[in-house]
Amino acid sequence: MKNKKIGIFGCGFWSQFQIGGWLELEGVEIPAVYNRTLAKAEAIAEKFNIPKAYDNAEDLLKNEDIDIVDIITNVETHEEFTALAACYGKDVICQKPMADSFEAAKRMKKVTREAGVKYYVHENYRWQPQFRRVKAILDSGAIGKPFRCKTGFNTAFPVFETQPFLAELDHFALTDQGSHQFDVLRFLFGEAESIYCETQTVNPTIQGEDVATSLLKMKNGVICVQEISFSSLLEKEVFPQTLLLIEGDKGSIRLDPDFYISTSTSEGTTGEFVSMPKYPWQTDRLIPEPPSIIACNHNILQDILGKGKAETTGSDNFETVKLVWAAYRSAENGAVIKMESFDS
Ligand code: 89Y
């Protein structure tokens, strides 16, 4: 079968990992990259042996025979590039978070649907190996019926050094990290019935909120307490890990630092480390992401090839996007937001 050809839009910090992830897979090739600064596009093209570099996205679409556009630009340009790729009839993969506003996310869904192209969001946290393992334990029934879950992404890691644009976002913690965290909760427990959220800005040098505490009631009855903080100096810095505790009526599952999972039942506790494969294109900053980037790309590719179903389609991810913006609404109004009455 012919390789699927992917055009990359955006050659910033994250593109090296996304491209590295693609090149681990069979059946794909990357003929060209675009970045508004040509030198950046050329540097990435050289690093990964990609034939062409552009500083004009439309020129890439006009000149190159590609099937898919993978958008890895800053969030405020996701809508513009999604519309452009859709207009050229290309399938679209957009890096999370889908958009910088709820309205933009709605338009992106519409423009891809009307153009008849496939639309996916690269949301990889749910593909991190430790979450897959936690889900398998949950589904095995080992801890019975889950009733509560606490997840925490609490860090003081200097994210702004490698991702300076995050400091300028009006909406930071919930769009950047809440997107991941809410998606993991949906992966584990299904859809949410309601959400309540409090946000704080602890770091005075940034524009948006850097702390968010959310309480979600899932439709299956599980209550989730979800914590995000970029201003938490803790005894052990575990960035970029998410820690978790799920309590069920017959036991519990705890995910501790370094991907150690303890499953406790009336029989006692069993423990296991989940191993993280490493790749030559990753840096020390990444631990669970590389295997999840590859798994997410693979899952999307199977869908494009008609060989499987993607988990993170645009419409599926829209449910995560809704939770993010419902959380902001809740934080603004001090109210519990019922998801069924939140605009779709
Ligand atoms: O941008 C973020 C992401 O997607 O994962 C971690 C991060 O770098 C900071 O939250």
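The values are calculated or read from the model by the stated rules, or taken from the named source; none is laboratory data. The structure displayed is predicted, hence computed values, not measured ones. Glycine gets a Cβ as well: all are built from the backbone with ideal geometry, and neighbour counts include every protein chain shown.
Some notes on this structure:
- Which listed residue, of ASN35, ASN74, is more than 16 Å from the ligand (Cβ to nearest atom) and under 29 Å from PRO288 (Cβ atoms): ASN35
- Residue selection: ALA156 fails the criterion of being within 16 Å of the ligand (Cβ to nearest atom), farther than 30 Å from THR269 by Cα, in a strand (DSSP E or B) and in contact with a Ser or Thr (Cβ under 8 Å, 6 or more places away or on another chain).
- Tabulated pairs, region 217-239, first in the same structural domain as PHE160 (by TED's automatic domain parsing) and surrounded by 15 or more Cβ atoms within 10 Å (Cβ to Cβ), second assigned to a loop (DSSP other than H, G, I, E, B) and among the small types (Gly, Ala, Ser), C-beta under 7 angstrom, 6+ apart or interchain: MET218/GLY190; SER231/ALA156; SER232/ALA156
- Residue count for region 125-153, restricted to those that are closer than 18 Å to ILE293 by Cβ, out of contact with any Pro (no Cβ under 9 Å at 6 or more places or on another chain) and within 16 Å of the ligand (Cβ to nearest atom): 1
- Boolean, SER262 is closer than 21 Å to SER275 by Cα, touching a Gly at 6+ places or on another chain (Cβ under 9 Å) and not hydrophobic (A, V, I, L, M, F, W, C): yes
- Scanning region 203-216 for residues that are among the polar types (S, T, N, Q), surrounded by fewer than 21 Cβ atoms within 10 Å (Cβ to Cβ) and in a strand (DSSP E or B) gives a single hit, THR213.
- Enumeration of residues in region 1-12 that are in contact with a strand residue (DSSP E or B) (Cβ under 6 Å, 6 or more places away or on another chain) and assigned to a loop (DSSP other than H, G, I, E, B): ASN3, CYS11
- Of the residues making up region 166-176, those that are near the ligand (Cβ under 10 Å from one of its atoms) and either buried (at least 24 other Cβ atoms within 10 Å of the Cβ) or over 18 Å from VAL202 (Cβ atoms) (or both) number 3.
- Against the criterion of being more than 16 Å from the ligand (Cβ to nearest atom), modelled with pLDDT of 95 or more and of a type in the set (A, V, I, L, M), ALA105 qualifies.
- Meets criteria (surrounded by fewer than 23 Cβ atoms within 10 Å (Cβ to Cβ), in contact with a Cys (Cβ under 9 Å, 6 or more places away or on another chain) and more than 14 Å from ILE228 (Cα to Cα)) for PHE160: no
- Residue in region 263-275 that is aliphatic (A, V, I, L, M), more than 14 Å from the chain's Cα centre (by Cα) and assigned to a loop (DSSP other than H, G, I, E, B) present: yes
- Matching residues in region 304-328 - criterion: being farther than 18 Å from ARG186 by Cβ and surrounded by 13 or more Cβ atoms within 10 Å (Cβ to Cβ): ILE304, GLY308
- Hits in region 231-258 (condition: among the polar types (S, T, N, Q), within 15 Å of the ligand (Cβ to nearest atom) and touching a Leu at 6+ places or on another chain (Cβ under 8 Å)): THR242
- Counting only helices (runs of 4 or more DSSP H) wholly contained in region 13-126, the ones carrying 1 or more residues that are under 18 Å from GLN163 (Cα atoms) occupy 15-22, 38-47, 78-87.
Yes or no, residue by residue, for (1) in a strand (DSSP E or B); (2) modelled with pLDDT of 95 or more; (3) closer than 16 Å to LEU243 by Cα:
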position	(1), (2), (3)
ARG132	no, yes, yes
ALA136	no, yes, no
PHE147	yes, yes, no
ALA167	no, yes, no
LEU174	no, yes, no
GLN181	no, yes, yes
ILE195	yes, yes, no
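- Within region 270-312, tally of residues that are closer than 15 Å to LEU23 by Cβ and within 14 Å of the ligand (Cβ to nearest atom): 4
- Residue check for ASP303: on the phi > 0 side of the Ramachandran plot and either touching a residue at least 12 places away in the same chain (Cβ under 8 Å) or assigned by TED's automatic domain parsing to the domain that holds LEU25 (or both): no
- Among the candidates ALA83, ALA104, ALA57, residue that is surrounded by 15 or more Cβ atoms within 10 Å (Cβ to Cβ) and over 28 Å from PHE182 (Cα atoms): ALA57
- Residue in region 84-92 that is on the phi > 0 side of the Ramachandran plot and away from the ligand (no atom under 16 Å from the Cβ) present: yes
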